[in-house]
Amino acid sequence: MIEIENLSKSYRSASGNVTPVLKGISLQVQAGSITAVVGPSGAGKSTLAKCISLLERPDSGSIRVNGNDLSLLSGVALRRERRAIGTVFQSSALLGRKTAWQNIALPLEYLGVVERDIHARVGELLESVGLSHKAQAYPAQLSGGQRQRIGIARALALRPSVLLADEATSGLDPQATDSVLKLLRQLRDDYRLAIVLITHEMDVVRTTADAVAEIREGEIVQSGALKTLLAQP
Ligand code: ADP
Ligand code: ADP
């Protein structure tokens, strides 16, 4: 599970002005559960995503994964623990000159996993995203939904316990969106992943989230189980 506590982040402009962007965000996602983070443009969703994927360091607060505070780490320890969180972005950013298979293998190669284990693991991952038959396809030969599913397979290569999906279905047609969301629900159930789903699409929330946190101007203004929130007038 991931536990975000009292996370704050400001940006300082060249002229020295400090703009608070996240003001004490707290959020928990249990293993086997999907929490959607929603909110208007400028609310701080991408900044939160960057903090969760450990690309930005918060000014204060903690990000614990299975009890381990990742926001305190740096250097080798950060690189080691970062693998606890897999990330998939809006455009999955696959390398165009590499096949689906090779793209999924990348994080394993960086880590120095032996070739035989890479082959076994990539095979498993392709199967779990339903794209074994596309192993040799290049990204340009895949549909948008298939590219995102390969991106998800790559994000899962190092067996994270948390998956951050940052606008992962934005720009996809409804059918592709459905295939990606169905996969996320399946991964939640099969691997007991804690999934943080950052989205501005309400349909995504309704079909896929177990819980919702609404962020406005850097603060959580509303959160709870999807059923409870939808039941409100
Ligand atoms: P959202 O993803 O919800 O649209 P963002 O996290 O992108 O929100 O942005 C929240 C606020 O932080 C915005 O006002 C934005 O202008 C500001 N902001 C984001 N990134 C930076 C940055 N690198 N430097 C300064 N301000 C930033
Ligand atoms: P490289 O390090 O250049 O990717 P590999 O030996 O890992 O070399 O793989 C060579 C080629 O064979 C790659 O293009 C890869 O896509 C393909 N390949 C290797 N193993 C498998 C597999 N189990 N299923 C499908 N394709 C595979």
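The values are calculated or read from the model by the stated rules, or taken from the named source; none is laboratory data. Owing to the predicted nature of the structure, the values given are computational and were not obtained by experimental measurement. For neighbour counting, all protein chains shown are included, and Cβ atoms are generated from backbone atoms with ideal geometry for every residue, glycine included. Heavy atoms of the whole protein, side chains included, go into the accessibility calculation; ligands, DNA and RNA do not. Shrake-Rupley method; radii C 1.70, N 1.55, O 1.52, S 1.80 Å.
Which residue is farthest from the chain's Cα centre (by Cα), if the candidates are limited to segment 45-64 and must be more than 15 Å from ligand 1 (Cβ to nearest atom) and open to solvent by 30 Å² or more (accessible area, probe 1.4 Å)? Full working, then the answer.
First, the residues of segment 45-64 that are more than 15 Å from ligand 1 (Cβ to nearest atom): 54, 60-64.
Now drop any that are not open to solvent by 30 Å² or more (accessible area, probe 1.4 Å), which leaves 60-61, 64.
On the way: SER60: 21, GLY61: 20, ARG64: 15 Å.
It comes out as SER60.
Of the helices (runs of 4 or more DSSP H) that lie entirely inside segment 161-233, those containing 3 or more residues that are closer than 17 Å to LEU125 by Cβ span 174-191.
Are any residues in segment 2-19 modelled with pLDDT under 95 and more than 9 Å from ligand 1 (Cβ to nearest atom), and if so, which ones? Spell out the reasoning first.
Going residue by residue through segment 2-19, those that are modelled with pLDDT under 95 are 11-19.
Residues satisfying the conditions are ALA14, SER15, GLY16, ASN17, VAL18.
Considering segment 97-112, the residues that are assigned to a loop (DSSP other than H, G, I, E, B), modelled with pLDDT of 95 or more and of a type outside the set (S, T, N, Q) include one that is nearest to the chain's Cα centre (by Cα), namely LYS98.
Taking segment 129-145 as the range and being within 16 Å of ligand 2 (Cβ to nearest atom) and either within 17 Å of the chain's Cα centre (by Cα) or of a type in the set (A, V, I, L, M, F, W, C) (or both) as the test, the residues that pass are VAL129, LEU131, ALA135, ALA137, ALA140, LEU142. Considering only residues that are open to solvent by 10 Å² or more (accessible area, probe 1.4 Å), farther than 12 Å from GLN30 by Cα and not acidic (Asp, Glu), which ones fall in segment 187-208? Passing the criteria: TYR191, HIS200, MET202, ARG206, THR207.
Regarding segment 65-87, can at least one residue be identified that is small (Gly, Ala, Ser), surrounded by 15 or more Cβ atoms within 10 Å (Cβ to Cβ), within 15 Å of LEU163 (Cα to Cα) and more than 16 Å from ligand 1 (Cβ to nearest atom)? Yes, segment 65-87 has at least one match. Return the residues of segment 32-67 that are within 18 Å of VAL212 (Cα to Cα) and assigned to a strand (DSSP E or B); say none if nothing qualifies. Scanning segment 32-67 gives SER33, ILE34, THR35, ALA36, VAL37, VAL38.
Against the criterion of being over 21 Å from ILE63 (Cβ atoms) and basic (Lys, Arg), ARG188 does not qualify. Restricting the first member to segment 123-137 and to residues that are farther than 22 Å from TYR191 by Cα and open to solvent by 40 Å² or more (accessible area, probe 1.4 Å), and the second to residues that are more than 16 Å from ligand 1 (Cβ to nearest atom) and in a loop (DSSP other than H, G, I, E, B), the beta-carbon pairs closer than 7 Å and six or more apart or on different chains are LYS134/LEU142; GLN136/THR99. The single condition among (1) closer than 30 Å to ASN6 by Cβ; (2) in contact with a helix residue (DSSP H, G or I) (Cβ under 9 Å, 6 or more places away or on another chain) that LEU48 does not satisfy is (2). In segment 81-89, the condition of being among the basic types (Lys, Arg) and outside any helix (DSSP H, G or I) is met by no residue.
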